[in-house]
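The structure appears below as structure tokens.
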Amino acid sequence: MAGDDFSEALDKKKSHRERNAGRKAEKKKKKNPHVQDLTAKQRNPKAFTFNSAVKAERQFRRKEDIQTKKQHIPVVDRNPVLPPPVLVAVVGPPKVGKSTLIQCLIRNFTRKPLTSIQGPVTIVSGKKRRITFVECNNDINSMIDLAKVADLVLLMVDASFGFEMEIFEFLNICQVHGMPRIMGVLTHLDMFTNMKTMRRTKKQLKHRFWTEVYAGAKLFYLSGMVHGEYLRNEIKNLGRFISVMKFRPLTWRSTHPYLLADRIEDITPPEQVRQNEKTDRTLCLYGWVRGVPLNKKSSIHIPGAGDHPIKDVSFLPDPCPLPDKLKKRVLIEKERLIYAPFSGVGGIVYDKDAVYVELAGSHSFHHQPDNEQTELVTGMKDTQQTMDQKMQMSQMQLFSTSEPIIASNWGRKADEDEWTDAEDESDAEDENEDEASENEDDGSEKEEEGSEEGEQDEESEEETVKVAPKLNGKEKVMRKPGTLRTKVDVPWQTQESNREEVDEPPPAKKLKKSSVALAERKLLQELGEDSDADSLSDLSDLEYEPVEEEDEVEAPIPVAKRPPKSKDEETRAKVAEALANIEQAEKRMNLKAQQEAENSEEEDDDDMQMSDFEGASDEDTAEGSAMKWKDNLAQKAALAYQERQATTVSLRKLVYGESNLAKDSDDEDDMGGELGGLFRKVNLAQGQKLEERSLRNREDVSRFPDPTHQRDWKQEHVRDLIRDCFVTGKWKEEEDANDLLEMDDLDEDGDFEDLETGEKHESGNPSEKDETPEERRKRMIEKKRKLKEKFDAEYDDTDGGKTYYDELKQEMSQQAQLNQKEFEHMDDEMRVQLEGYRPGMYVRVELTNMPCEMITNFDPNYPIILGGLNPGEENIGYVQARTKRHRWFSKTLKTKDPLIFSLGWRRFQTLPLYSKQEDNMRNRYLKYTPQHVACLSHFWGPISPKGTGFLAVQDVSVRQTGFRIAATGTVLELDKSAQVMKKLKLVGTPLKIYKKTAFIQGMFTSSLEVAKFEGARVKTVSGIRGQIKKAVSKPEGSFRATFEDRIMLSDIVFCRTWYQVKIPQFYAPVTSLLLPSEQKNKWKGAKSLGELKREKGIRNEAQLNSLYLPIERKEVAPAPLSIPRSLQRQLPYEDKPKMVVKRDQRKMELESQRVAVVLEKHEQKAHELMRRLKTTFEHKQETLKKATAVRMAAHRAQLEKEEAKKSKREKTLRKEIFRNISKMEKRKKKDD
């Protein structure tokens, strides 16, 4: 029973479901391909039809609209096979969580924390993508610079506070310089306690974000923090979006090269810096090339540091490479590289002449025991003597048995006793060298043990040292406390670093695997295969090849030494002697290989020279060693001759062919032996051959071929060689000329008869005459079928309905493939000379004459961008642009007020001049920018291509409360000279008037000015036009003018003129990178006139002509109309003037004629009494009128009431009468 229950339980389990998607499903589909004969639509077409044609049309239109909206203008994909890392800029106001987000993203991709972030941080995020994270400071200079180079922007917003002004400023900056991909990130969502409020805030911020960017822009929500980090699932989701993001090329970046420096190095000679701390520096900047290929001969612009020419560019292996094998689904631990030199993370860094190893933690030099490497470093730090003193005390030892020669005692002769003492010293030094070599072996064993321990402890981040590929430059700066970059001298890199101590011979072509070559090969194999090696300890395992004594050639090499006064100098002497031994061993190998490769005669000569060289005593070779360039001149000349012969094209081979040369060599081999080592025996046959060869040499076989080498064209196999070169041959595998000719011979018209001559013409193919009608019909059917196939191939749409957009995309993709194949199989050394340093290459850019503040005030938190300049963009000239004051900027911009422009790569201050273009194409001067309307601006600045966008701010040092972007615009034209005209009105008044001629004064100051304006147009206030004629002697500056009509003395005469306004040539680059760290965001340039007056408390005196005062105009009484009497007689009576005097006028005239009367006292009393009585009477009459009016109003009201009652009574009575009448009519109707 138990078994049955168990089997039932198994049956109840869910059955196995095969995977329909994923890697396993794809593998199964490939193994068992199943092709269905008919699709579901083919089997049941009625199920896939539509019911409504209108609905189907709408769906089709909607589908096409959606598809069209997704389409963009296709561009040629110029991205290299290995693209540069994607540059992600994290932007936002302070205290919003930018550093925390970068740390969480780095931990998500690399599984390692990075506590301190300074400068760019590059990581490997996937099998085909790398990402560089950069944090943007709360500085408008950094915001402008990063907006020009960022591929993706993470815009962080504090959800509890909302959008701040920095967000809108950065979005406007991006709109001007090319909009990168933007993703919003909301933080501080855990500050909301009410979920409803949080949802409403999210919705509001999302729609506002969509308004600024585009509808549907991605906005991420970081809900909270746990242990100081964001939630892993949210960071993982954000990282996935970053990893799969696609980017479209922007106009400016697709035409200019640029790179973001992730490492800087000062290679200025220390002695030069010691003598003058303010001297110009030589800097090396490192980074990935982006945009277009970088030209070595072009100039660059560093925003914040100015324009600089490039001295040298060299490409280096990638310090953060992508994984080689792409078969794995995910990256393994050692492939998750991180490269951040400014943050102290970078592992092993390779330079041209050194290797720098990053040591951390317990490997710091504070806790290491003293060894030769640390002695070198500490000795360099403890040096207390100058270079002059060291040079005076320097020594040179020519032979191992000789006494060292001191520079200060040069020219003195040494005694024999001193020579013997020198031999004893040399023996002692040999013993020291043996001890040093034993110590080196012990040190190498220690390094091997250390490397094994390092491999076991890969997870510890401070102890693990990643091996990065080769980089140029020297890091001589302490990265972190307890961290040191130690220089490791590698044997094959001593050619340049030790050139003063040891001179190497020229390399031979075929050499045995010497110790140096073996060491080089082993280390390169380690670097190429295992990028997680923790040390270079394998160098100690290399063994030198033994050289036989008979092949040894003792060539003493002079080694420059200094008096061993300290440990570091002794160590240097030991290193120099060890390098000299390696050089000597390699020379022996070179000489042995040369002896084996040379001919017998050259071997004899070399043996004689070598025997002489070996037999020479020490005294004889003393002078030769002093002039070392004379050593081995024969070997050097032989090697140089072999190299020239190998690279030189043989003209004899080109002219006379290979066969003649081969015959010549055979003839030489067949000749007899030598006679006495000088002559050779020649028999009769050999003499004939020599004569034939000399005859052949007289004629050029390319023009007169040798008859013995001619082919016999009568033979069939010889003719078959060129049979396909003719028309009747077989050109291609699918095309046979005979078949094509037979098709051409087909007679389309058949037999026909000429009606004029009666001659009958038959088809040219005689076989057609004998064919039956059935065969003829089949032949015609086959012919029609071929013609139809040919027509279908030309006109039918065999591509599945491709649109113009698809064809354009295909064309662009083909062009991109063609671009990649052009230089695909070319060596990088040759390729960079043809196309430049392509995007994705890690390069080292060397710049000279850089200001010292670039190093002394260096801050890794501010980005260093090297923007390439195209030809012509280094020049400065007049720039004409369309400018509009930003709608959010509160102030009005004034002409010639300084503005800081961001145009192209540059940030500079200049004085713009505003104008407006009129209908006659004249640029009229404007004092202020118009409101809500664009105008033209002219300024002195760098030449930029047309269509380049720019923005302007008034100040970058003061944090204003409002919006800081003052204006935006686009470059229109680039002119050497721009004309801006300002309107000027010259005012004058009439002096004398003679009908239509008048003399005007006050407009000019001299007769010379009048002479310049002769023929100019003038106009009066009343609109009468005129012209300037001639100057008048008195008063000075007056002139005679004629007008259309007679003017008056009260008229004002104007003369409208235009004069050119000069554009100020002021250009000041913003050098914010040269300021100290605390002042980098406080760069101050030229101040406006208003700012200077406010600072100094100066107030402008008001000008009377500039004040807006009320206009007071005197009213002018018009003169009475006077009609001549002759005209009055002819007028009708109605129009004749009437001499009628009005009554009031007459009364006034009578009153004016009365005489004034003076009253007596009693008359005055009577007059006063009468006035009082009159006043009282008037008062009583007025009171009576008011009482009467009141009484009449009451009476009218009473009458209205009675009238209303009466009308109401009449209405009721009327209704009663009409009711009775209607009843009577009804009764009559009933009775009837």
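Only residues that are open to solvent by less than 40 Å² (accessible area, probe 1.4 Å) and either of a type in the set (K, R) or closer than 13 Å to S957 by Cβ (or both) were counted across region 1076-1090, and they come to 3. Put simply, of L171, L189 the only residue that is closer than 21 Å to C104 by Cβ and either buried (at least 16 other Cβ atoms within 10 Å of the Cβ) or hydrophobic (A, V, I, L, M, F, W, C) (or both) is L189.
A1119 satisfies every condition listed in (1) surrounded by fewer than 11 Cβ atoms within 10 Å (Cβ to Cβ); (2) in contact (Cβ under 8 Å) with a residue 40 or more places away in the chain except (2).
Scanning region 784-796 for residues that are modelled with pLDDT of 85 or more, open to solvent by 80 Å² or more (accessible area, probe 1.4 Å) and closer than 21 Å to S299 by Cα turns up nothing. Meeting the requirement of 1 or more residues that are open to solvent by 30 Å² or more (accessible area, probe 1.4 Å) and over 30 Å from Q820 (Cα atoms), the strands (runs of 3 or more DSSP E) wholly within region 834-944 are 842-850, 876-885, 913-917, 923-926, 935-942.
D749 meets the conditions (1) modelled with pLDDT of 55 or more; (2) open to solvent by 100 Å² or more (accessible area, probe 1.4 Å) in every case but one. The failed one is (1).
Checking I167, I106, I73 one by one, the residue that is assigned to a helix (DSSP H, G or I), out of contact with any Phe, Trp or Tyr (no Cβ under 8 Å at 6 or more places or on another chain) and among the aliphatic types (A, V, I, L, M) is I167 and no other. When region 87-138 is filtered for residues that are closer than 17 Å to N1081 by Cβ, of a type in the set (D, E, K, R) and out of contact with any helix residue (DSSP H, G or I) (no Cβ under 8 Å at 6 or more places or on another chain), the ones remaining, listed by number, are K95, K98. In this structure, is V124 at pLDDT 95 or above, among the β-branched types (V, I, T) and either over 18 Å from E212 (Cβ atoms) or surrounded by 23 or more Cβ atoms within 10 Å (Cβ to Cβ) (or both)? No, not satisfied. On the basis of being open to solvent by 90 Å² or more (accessible area, probe 1.4 Å) and either in contact (Cβ under 8 Å) with a residue 12 or more places away in the chain or acidic (D, E) (or both), does E229 make the cut? When the stated conditions are applied, E229 does not pass them. Identify, please: which residue in region 822-833 is without any contact (Cβ under 8 Å) to a residue 60 or more places away in the chain and open to solvent by less than 60 Å² (accessible area, probe 1.4 Å) and is, among those, nearest to S298 (Cα to Cα)? Result: R831.
The values are calculated or read from the model by the stated rules, or taken from the named source; none is laboratory data. The structure presented is a predicted model; accordingly, all values stated were derived computationally and were not measured. Please note: Cβ atoms are built from the backbone with ideal geometry, for glycine as well, and neighbour counts cover all protein chains shown. When the accessible area is computed, the model is the full protein with side chains, heavy atoms only, and any ligands, DNA or RNA have been set aside. Shrake-Rupley method; radii C 1.70, N 1.55, O 1.52, S 1.80 Å.
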